[in-house]
Amino acid sequence: MKITMIHGQNHEGNTCMVARELANKVGGEIREFFLPRDFNKPCLGCYTCFKTDLSNCPHYRELEPLIAAMLEADLLILDSPVYVYHAAGPMMSFLDHFGTWWMVHRPLPEMSRKQAVVVATAAGGGMKSTVQDMADSLEMWGIRKVYKLGLGVQAVKPDEIPGRILNSIHRKTDRLSRRIKENAGRNGSNIRAKKWFYLMRFAQKHFQPPMEPDYGYWEKNGWHGKKRPWKQ
Ligand SMILES: Cc1cc2nc3c(=O)[nH]c(=O)nc-3n(C[C@H](O)[C@H](O)[C@H](O)COP(=O)(O)O)c2cc1C
């Protein structure tokens, strides 16, 4: 399995350790990117991507290696420590660049053959909101299955994590890696993305004037007719 990992932090701490444990249990060809080391640009809010194409983004040259690795991957793993109840800033800045990939704009059909995991560790609180910060994007990109792994580790570095919590991490990564391998090679969409696809399809067919370039992209893909992104 091809695995692309995007770490929302530069350091190899608790979160990176858990994400790597999971990736190694799934096994395959693993590529890793660290933020902000490998991409450090905040979205400029210029709307170039929405008005034209993501490839015209002023940051596209720096973004391109990460995009290529994500598109090649069967499994994406995004991870971030919990910082004040949310994902770390570099992760959010990175995800800001992919607004056009959301199901309500110009989703990529290849997302429907991918699985993804979002991983967050915290001392004790904020795991739910942090995994959701990352899952919001991956689900709305139309990734078939997005698993959430949020862990309270009661520690600031790996060698301080209590043994019973380490054991529970090992058990959870065992279980999740098995599920990922069992679910490999399928096509489909998560329910949230599907719901938004049909809402947007209705809006595009009934409200004028059509919003371009989204409308033309859907038309070209046949989504106003019988075709669907998760069946392409
Ligand atoms: C700036 C900052 C903010 C943090 N905010 C929270 C928080 O809101 N809730 C919490 O339980 N832990 C919080 N922590 C603790 C870390 O989330 C926790 O130790 C995490 O496991 C660190 O992961 P890392 O080793 O990958 O950096 C914070 C730590 C830092 C440095």
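Read phi for every residue in the stretch 58-72 and hand back ³J(HN,Hα) as whole Hz from Karplus 6.51 cos²θ - 1.76 cosθ + 1.60, θ = phi - 60°, with x for Gly and Pro.
Couplings: x, 9, 4, 4, 6, 7, 4, x, 6, 4, 4, 5, 5, 5, 6 Hz.
What's the magnitude of the charge dipole for the stretch 131-232 around its Cα centre, counting Lys and Arg as +1 and Asp and Glu as -1 at the beta-carbon? Answer in Debye, nearest 20.
Taking the Cα centre of the stretch 131-232 as origin, the dipole is about 700 debye.
Got a sec to turn the phi values of the stretch 90-102 into Karplus ³J(HN,Hα) couplings, 6.51 cos²θ - 1.76 cosθ + 1.60 with θ = phi - 60°, whole Hz, x for Gly and Pro?
Couplings: x, 5, 5, 4, 5, 5, 4, 6, 10, x, 6, 7, 5 Hz.
Whose amide H sits under 5 Å from the amide H of residue 31, counting only residues 5 or more places off or on another chain, with H placed in the peptide plane?
3, 4, 5
List the residues, sorted by chain then number, that are 5 or more residues from residue 145 or on another chain and whose placed amide H is less than 5 Å from its amide H.
Residues meeting the amide H criterion: 116.
Loop only by DSSP, 15 or fewer other Cβ within 10 Å of the Cβ. Give me the chymotrypsin sites (Phe, Trp or Tyr not before Pro) in the stretch 134-232 that pass, ordered by residue number.
Hits after loop and neighbour filter: 207.
Rounded to a whole number of µm²/s, how large is the Stokes-Einstein D of the stretch 1-106 at 37 °C and 0.692 mPa s, given Rh as the Kirkwood radius over C-alpha pairs?
In µm²/s, the coefficient is 226.
Which FRET efficiency value, to the nearest 0.05, do you get for residue 110 and residue 84 by plugging their Cβ-Cβ distance into 1/(1 + (r/R0)^6) with R0 = 45 Å?
Computed FRET efficiency for residue 110 and residue 84 comes out at 0.85.
Which whole-percent values make up P(r) of the stretch 162-229 when all C-alpha to C-alpha distances are grouped in 5 Å steps starting at zero?
Bins of 5 Å from zero give 3, 13, 16, 14, 10, 8, 8, 8, 7, 6, 5, 1, 0 percent of pairs.
If you take all C-alpha pairs in the chain, what percent of them are over 21 Å apart?
Value for the chain: 57 percent of Cα pairs lie more than 21 Å apart.
What nm distance separates the two modelled labels at residue 170 and residue 48, each placed 7 Å from Cα along Cα→Cβ?
Spacing of the two 7 Å Cα→Cβ label points: 5.0 nm.
In nm, give the distance between the simple-model label positions of residue 184 and residue 61, each being 7 Å from the Cα along the Cα-to-Cβ direction.
Those two pseudo-labels are separated by 3.7 nm.
On a full-extension model of 0.36 nm per residue, what is the gain between residue 33 and residue 136, subtracting their alpha-carbon distance, rounded to one decimal in nm?
Taking residue 33 through residue 136 to full extension adds about 35.1 nm, to one decimal.
Using helices alone, what [θ] at 222 nm do you get for the chain, with -39,500 (n - 2.57) per DSSP H run of 4 or more residues, divided over all residues and rounded to the nearest 500? If you can, show how the numbers build up before the last one.
Numbers: 8 runs with 96 residues, N = 232.
About -13000 deg cm²/dmol.
Quick one: net charge around residue 113, please, counting Lys, Arg +1 and Asp, Glu -1 for every other residue with C-beta under 9 Å from its C-beta.
+1
Around residue 28, with a cut-off of 14 angstrom between Cβ atoms, what is the net charge of the other residues, counting Lys and Arg +1 and Asp and Glu -1?
Numbers: positive: 2, 20, 25, 31, 114, 181; negative: 29, 32, 72, 74.
So the environment of residue 28 carries a net charge of +2.
Of 25/194; 172/195; 114/231; 2/145; 194/231, which sit over 19 Å apart, Cα to Cα? Could you put the intermediate results ahead of the total?
Details: 25/194 30 Å; 172/195 30 Å; 114/231 13 Å; 2/145 16 Å; 194/231 12 Å.
Going by Cα-Cα distance, 25/194; 172/195 fall outside the 19 Å limit.
Which ³J(HN,Hα) values, rounded to whole Hz and listed in residue order, are derived for the stretch 32-38 from phi using the Karplus coefficients 6.51, -1.76 and 1.60 in 6.51 cos²θ - 1.76 cosθ + 1.60 with θ = phi - 60°, glycine and proline given as x?
Result, rounded to whole Hz: 10, 10, 10, 10, x, 3, 9.
Bear in mind these aren't lab numbers, they're just calculated from the coordinates by the rules spelled out. Predicted model only: the values in this text are computed from it and were never measured. Cβ sites come from the backbone with ideal geometry, for glycine too, and all protein chains shown count toward neighbours.
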